[in-house]
Amino acid sequence: MLIIMPRPKRIRKMTNPPHFKGFRPIALPEENDPIVLNYEEYESIRLSDFELHGHLEASKIMEVSRPTYSRIYESARRKVAEAFVLGKSILFEGGKVFFDTEWYSCKSCGCYFNHPAKEQRMDNCPLCGSSDIVQYSENTQLRPTEGSCVCPKCGLKKVHSPGIPCRNEICPDCNSPMIMEGAPHQHRNLNCN
């Protein structure tokens, strides 16, 4: 017997979670059966009805296909309509989402970390406290394309060969795999030796 499994849901990108847990109708008794609006459904209403993006543009923002976005949006609108017509409360929770946050790298200790509070400025590494941090953007290259490969054991430097990762290069002196000079993990390896 052949069992066909559906493909897994792609994780949807969200700017930030809502700042509140939901809504409740006024002057109605407390109800135990609220409508659950997933975070991606909330985000679709925010993008299309509040920020007035078209479905194609909103689908690119959430990093899903346009048909998937339309299904999410349709589900959200039906749930909101049901809550309004039947006087049910709306609760925001769950869903397959990730939050769009800013990412940084510390040049001192080599750790990578994110900063969800965009309105606050990030000045120091949360691990070592160093102020020598770099914020990544879409234009930031995580690895340099040219430079030197260095052996973490003996410190031998060699000119980087384009197209060949430094980890595939072997040190001629001690037969250890080399690493990119200046890479965050170089500091960790040199501290271990």
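The values are calculated or read from the model by the stated rules, or taken from the named source; none is laboratory data. The model shown is predicted, which means the values in this text are computed figures rather than measured ones. Every residue, glycine as well, gets a Cβ built from its backbone with ideal geometry; the counts of neighbours run over all protein chains shown.
Data table
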| quantity | calculated |
| --- | --- |
| Meets criteria (at pLDDT below 80 and either of a type outside the set (Lys, Arg) or not assigned by TED's automatic domain parsing to the domain that holds residue 64 (or both)) for residue 92 | no |
| The lone exception for residue 18 - which of (1) within 18 Å of residue 80 (Cβ to Cβ); (2) modelled with pLDDT of 90 or more it fails | (2) |
| Criterion violated by residue 186 - all others in (1) more than 30 Å from residue 14 (Cα to Cα); (2) modelled with pLDDT under 75; (3) assigned to a strand (DSSP E or B) satisfied | (3) |
| Filtered residues of segment 126-181 (kept if among the small types (Gly, Ala, Ser) and either closer than 28 Å to residue 113 by Cβ or modelled with pLDDT of 80 or more (or both)) | 129, 130, 131, 137, 147, 148, 155, 176 |
